[in-house]
Amino acid sequence: MKAKTLAWIAAGALVKIGLLAGLAWHSATRAAEPDVPALLQAADRFRTGAERLQVETLVTTTRADGSADKERRYTVFVQDQHRSLVLMRSPAEAGQKVLMLGDDFWLLMPGSQRAMRITPSQKLLGDASTGDIATLSWAEDYDGRLVGEERCEAEGPARPCLHLTLQARRKGVSYQRIELWLGKPRHEPVRAELYVQSDKLAKRARFVLDHAGTLVSEMRLQDELGSRAQTRVQYLSRQPRAVPENWLNPMFLARNPSLE
């Protein structure tokens, strides 16, 4: 009887040890899993560098046959609370502005006393949409999950990457789903597939870092819906800047065509 009791006690102890080991393994596994919001914040820092920012941007388009098409310059003021202002600098668009306040976009034309509502998917040039130029935050606009680790191609040899799938938190963003690849171990953006609301692949994007390897210097977009044209978005300079609050009011902008 004693032997049987001791056997039951020993068996119970082994079960408890197994449960504790399983819990410890599960906790260690969870601790080792990447924090997706932190990954997106890290990737965003490579694209911005500051919360309130002035970005001088050059957008050029190339036709499917490789020939040069058009070139445009923009000054983009990225502010907090999903607010951005784009000033168009090229002669063909001189005086035009785009204002983004959350999910609301306005186009302001010189000589007009009214701001026109537009969508974030409307194009500025080539395959660079208003949303591509005016908004820069994945961490604020998307929920994500880790798909896995993969080798991915970038500018240069293939390297280890983390593959994330992102789903938009609201309808006002340019792309409802993004497949995103971040480099290891720094989590810089390498490439992305951009899907519209119908879940069609609209564009492929590649990201190029500057010589210091600290900021994205350009984004290269490949159209996947029709023209197969390529658009190159170059970030010529970035500097921290908070704009006056009235610059973020469509009525003020309509009455004040010149800001600087």
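The values are calculated or read from the model by the stated rules, or taken from the named source; none is laboratory data. Keep in mind it's a predicted model, so treat the numbers as computed, not measured. We place every Cβ from the backbone using ideal geometry, glycine too, and count neighbours over all the protein chains shown.
Anything in the stretch 60-86 that is surrounded by fewer than 20 Cβ atoms within 10 Å (Cβ to Cβ), farther than 23 Å from residue 141 by Cα and touching a strand residue (DSSP E or B) at 6+ places or on another chain (Cβ under 7 Å)? List them, or say none. Scanning the stretch 60-86 gives 60, 62, 63, 68, 69, 70, 71, 73. Only one entry of 170, 238 meets the criterion of being surrounded by 13 or more Cβ atoms within 10 Å (Cβ to Cβ) and either at pLDDT below 95 or touching a Pro at 6+ places or on another chain (Cβ under 6 Å) (or both), and that entry is 238. Only residues that are over 19 Å from residue 98 (Cα atoms) and without any contact (Cβ under 8 Å) to a residue 60 or more places away in the chain were counted in the stretch 212-260, giving 8.
For the stretch 88-124, give me the residue count where each residue is surrounded by fewer than 20 Cβ atoms within 10 Å (Cβ to Cβ), closer than 19 Å to residue 60 by Cβ and touching a strand residue (DSSP E or B) at 6+ places or on another chain (Cβ under 6 Å). Residues flagged as surrounded by fewer than 20 Cβ atoms within 10 Å (Cβ to Cβ), closer than 19 Å to residue 60 by Cβ and touching a strand residue (DSSP E or B) at 6+ places or on another chain (Cβ under 6 Å) within the stretch 88-124 amount to 4.
Apart from one condition, residue 51 fits all of (1) surrounded by 17 or more Cβ atoms within 10 Å (Cβ to Cβ); (2) in the same structural domain as residue 229 (by TED's automatic domain parsing); the exception is (1). Whenever a residue of the stretch 127-148 is at positive phi and among the small types (Gly, Ala, Ser), its partners that are at pLDDT 85 or above and not in a helix (DSSP H, G or I), lying with C-beta atoms within less than 6 angstrom and at least six residues away or across chains, give the pairs 148/163.
Residue-wise test of (1) surrounded by 14 or more Cβ atoms within 10 Å (Cβ to Cβ); (2) among the hydrophobic types (A, V, I, L, M, F, W, C).
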residue	(1), (2)
178	yes, yes
187	yes, no
192	yes, yes
196	yes, yes
205	yes, yes
211	no, no
220	yes, no
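For the structure I just gave you, tell me whether residue 98 is closer than 19 Å to residue 205 by Cβ and modelled with pLDDT of 90 or more. No; evaluated as a whole, the condition is false for this residue.
Does the stretch 47-76 hold any residues that are outside any strand (DSSP E or B), without any contact (Cβ under 8 Å) to a residue 12 or more places away in the chain and of a type outside the set (Asp, Glu), and which are they?
If we filter the stretch 47-76 for residues that are outside any strand (DSSP E or B), which is where we start, we get 47-52, 63-67.
Cutting the leftovers down to without any contact (Cβ under 8 Å) to a residue 12 or more places away in the chain gives us 65-67.
Scanning the stretch 47-76 gives 66, 67.
The strands (runs of 3 or more DSSP E) found entirely in the stretch 160-256 that carry 3 or more residues being under 20 Å from residue 63 (Cα atoms) are 201-209, 216-223, 230-240.
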